[in-house]
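Peer 1: My questions will all concern the structure given below.
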Amino acid sequence: MDSWYKFKRVFLSVGVPPTFWLVAFFLVPLALIWVFSFGEKTGVVGIDITWTIDNYIRAFNPDILKIFAKSLWLAIAATVICLFVGLPVALGIVYAPSKWKGLLLLGIMLPFWTNLLIRTYALIAVLRTRGYVNFTLEWFDAKIRVLFDLFGMGGIATALLGERFQALELLYNDNAVILGLVYVHLPFMVLPLYAALERLDRSYLEASLDLGAGHLRTLWNVVVPLALPGIISGIIITFIPALGSFLTPDLLGGPDSAMIATIIERQFKSANDWPFGSALSFLLMYITFGALALRAVMAKRGGSDGLEG
Amino acid sequence: MARRSLFGKDPAGPLDYLRKWPLLTVMAATFIFLYVPLLTLMAYSFNDSRRNIVWRGFTTDYYGKLFNNTDLMIAFGNSLTIALFSTIFSLVLGAMVAILLWRFKFPLKPLYEGTMALPIVIPEICMGVAMLAFFARIGWPNDLIWPINLANIIIAHISFTFPFVAVIIRARLAGFNREQEEAARDLGAGDWEVYRDVIIPHMKPGLVAGGLLAFTLSLDDFVITFFTSGPETVTFPVKVYSMVRFSVTPEVNAASTVLIVITVLLTAIGLWLQNKGTAKK
């Protein structure tokens, strides 16, 4: 690496344009909403910067706190499910025959490349009242009724299944949001876990199995402690985007499954209260930075998680 | 018990997890979960039925309708234009950042790197509202003619794509052999010739991969565009969003299928080029 002052001209000509861009079209907009977050709304478009912290205090009123708690709960639930699904999947890929490995990894990545909106829409088509899940259930329901009727026991079928088929309400509730978050964020979990497990020394696992531990015990006592930095990294990398999700709760959630991003959007679009929306944005960013700092600390303590460099 | 059928005759080793049925089940269920919604979505875009559930025969009608849907086609044209311009700009800026970070030591470099990574890590919604506030505050005019009216969306897209491009190009530069540069200098090349004739040609696979990534990121973006687009500057994802809010229709399926095919193809080409590039070093 060269010292910058030895090649000042080159250094400046490659350094100035991107730095200018980052400052002008990223840091300045962020700084602007940071300033707005200490402002007061005056009229429809006016914002007075009075350096009040009212907007932040308002974020701690029970209604908003409830939404924060709800967002944390939905994101944590989705992250935990991703972990329990992702760990066996990553383990399976790591110890798959080498010709399968690339293919399986690609298989996990591929849905990740398709548009977030489209993936969410695909879930709507599956889950809605007239969606594929309910359609399949209805088909089975009809077949069972026919079967019972055949044996002259139509009454039993009615007693078991009710007068007629009741579609399940799978969409527009918290469960749909959790399912959507898992669907969208699973690759975020599998990839760091894969990177961590891949570097694990197989002989530890074999030793544990040879010495009589079962697979679950080996997993819990050997794999998990050794891969812990990767696991924590996966948890944080999944949690951050899940917490800031906008589309998933917006399209899959019901009226009470709003997440932080939903109320931020509302402040900027319909409620037109930019100072409050700005304060909420910064609170969300502070949580994000906190999670990232935690990951950095963990990575330092447990060695690299294999994602850098 | 070992499962032999799938993997030939040899008995399963203790770590052949894929041959253990609990793991195989989780794995199969995960892949079904990931793929069935998308595949049914694509399959039903060819279904000759508005109800969209019962299969009533193959048709490409909805693709025809798609191409006759002027609003959707305009939105698609906007998306492609935005993606094209943001790709060009983020390639230039990204390559500069990559060279800067790969080549030079300078004070506060970790801080600079961290700041450069911010657009990658901060929640999209925060960046979206920041862009909305920014363009409103500087009084960005709303009544410009096409394609200049897309400039604010392009600017916002460049801001979040070029750090990604920088990461990819920097990874490519890490495989550069400095002796090549010394050889060029010995043969009389100056600073600019070294870049033009040696370093930039070496970056090429990274530039192509980075460009494709920037293009797909821009084409796919919904949240940031949602906050910067106006009634006259609707992009494809924003248009699909408004259609999705109404109902599940075969047209949306067809539109989604087109976008899925485009992005998957572009990303696959990008990854392939990137692998080819790193394998050669």
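Laboratory data are not the source of any read-out in this text; all were calculated from the coordinates shown. Please read these numbers as outputs of a predicted model, since none were measured by experiment. We place every Cβ from the backbone using ideal geometry, glycine too, and count neighbours over all the protein chains shown.
Peer 1: Calculate the length of the line joining the C-alpha centroid of the range A:153-207 to that of the range A:1-62, in whole Å.
Peer 2: First find each Cα centre; the distance between them is then 41 Å.
Peer 1: Residue by residue through the range B:28-33, which ³J(HN,Hα) values in whole Hz follow from phi under the Karplus form 6.51 cos²θ - 1.76 cosθ + 1.60 (θ = phi - 60°), with glycine and proline marked x?
Peer 2: Once θ is set to phi - 60°, the couplings for the range B:28-33 become 4, 4, 4, 5, 4, 4 Hz.
Peer 1: Taking beta carbons within 10 Å but only from partner chains, what does the mean come to for residues B:249-258?
Peer 2: Taking the mean over all residues of the peptide, I get 2.
Peer 1: Turning to a different aspect of this structure: Taking a ≥ b ≥ c as the square roots of the Cα gyration tensor eigenvalues, with a/c under 1.5 meaning rounded and otherwise prolate when a/b beats b/c, else oblate, which class fits the range B:118-167?
Peer 2: oblate
Peer 1: If you don't mind, there's one more thing I want to ask. Which value, in Å³ per residue, describes the convex hull spanned by the Cα atoms of the protein assembly as shown?
Peer 2: Convex hull volume per residue, Cα atoms: 213 Å³.
Peer 1: Based on the Cβ-Cβ distance of B:ARG137 and A:ALA296, what FRET efficiency does E = 1/(1 + (r/R0)^6) give at R0 = 35 Å, to the nearest 0.05?
Peer 2: For B:ARG137 and A:ALA296, the calculated efficiency is 0.60.
Peer 1: Taking just the C-alpha trace of the range B:70-280, give me its Rg and Dmax in Å.
Peer 2: 19.5, 67
Peer 1: Remind me, relative contact order of chain B in percent, using alpha carbon pairs under 8 angstrom and six or more residues apart? If you can, show how the numbers build up before the last one.
Peer 2: Details: 292 pairs, mean separation 79.7, N = 281.
In percent, rounded to a whole number, it is 28.
Peer 1: Exactly which trypsin sites (Lys or Arg not before Pro) in the range B:35-68 are in a DSSP loop and have at most 14 other Cβ atoms within 10 Å?
Peer 2: Hits after loop and neighbour filter: B:ARG50, B:ARG51, B:ARG56.
Peer 1: Next question, about the same structure. Within a 10 angstrom radius of the beta carbon, how do B:HIS157, A:HIS215 rank from fewest other beta carbons to most?
Peer 2: Fewest-to-most Cβ neighbours within 10 Å comes out as A:HIS215, B:HIS157.
Peer 1: Taking other Cβ within 10 Å of each residue's Cβ, how do A:ASP2, A:ASP63, A:ASP273 sort, fewest first?
Peer 2: In order of increasing Cβ crowding within 10 Å: A:ASP63, A:ASP2, A:ASP273.
Peer 1: Once label points are set 7 Å from the Cα along Cα→Cβ at both A:ASP2 and A:LEU160, what is their separation, rounded to one decimal in nm?
Peer 2: Between A:ASP2 and A:LEU160, the label points sit 8.0 nm apart.
Peer 1: Also, quick follow-up: Name the residues whose placed amide hydrogens come within less than 5 Å of the amide hydrogen of B:PHE104, ignoring near sequence neighbours (fewer than 5 apart) on the same chain.
Peer 2: A:ASP2
Peer 1: Let me make sure I get this right: for the range B:28-79, a, b and c are the square roots of the gyration tensor eigenvalues over alpha carbons, sorted descending. Under 1.5 in a/c it's rounded, otherwise prolate if a/b > b/c, else oblate. Which is it?
Peer 2: oblate
Peer 1: Only Cα pairs under 8 Å and at least 6 apart count here; give the relative contact order of chain A as a rounded whole percent.
Peer 2: Averaging sequence separation for qualifying contacts and normalising by length gives 26 percent for chain A.
Peer 1: Skipping prolines and chain starts, which residues have an amide H placed within reach, meaning under 5 Å, of the one on A:ILE47, given they are 5 or more residues away or on another chain?
Peer 2: A:THR42
Peer 1: For a test of the definition: using alpha carbon positions, the gyration tensor, and the 1.5 limit on a/c, classify chain A as rounded, prolate or oblate.
Peer 2: Here chain A falls in the oblate category.
Peer 1: Quick one: order B:ARG185, A:ARG301 by neighbouring beta-carbon count within 10 Å, fewest to most.
Peer 2: Ranking B:ARG185, A:ARG301 by Cβ neighbours within 10 Å, fewest first, gives A:ARG301, B:ARG185.
Peer 1: Using θ = phi - 60° and the Karplus form 6.51 cos²θ - 1.76 cosθ + 1.60, what ³J(HN,Hα) does each residue of the range A:251-260 get, whole Hz, x for Gly and Pro?
Peer 2: Result, rounded to whole Hz: 8, 9, x, x, x, 9, 9, 5, 10, 3.
Peer 1: Continuing with this model, one more query. Which whole-angstrom value gives the distance between the alpha carbon centres of the range B:110-124 and the range A:121-138?
Peer 2: 39
Peer 1: Could you tally the net charge around A:ILE264, taking each other residue with its Cβ under 12 Å from the Cβ of A:ILE264, Lys/Arg +1 and Asp/Glu -1?
Peer 2: Surrounding charge for A:ILE264 is -2.
Peer 1: Would you calculate a helix-derived [θ] at 222 nm for the protein assembly as shown, using -39,500 (n - 2.57) for each DSSP H run of n ≥ 4 and dividing by the full residue count, to the nearest 500?
Peer 2: -23000 deg cm²/dmol
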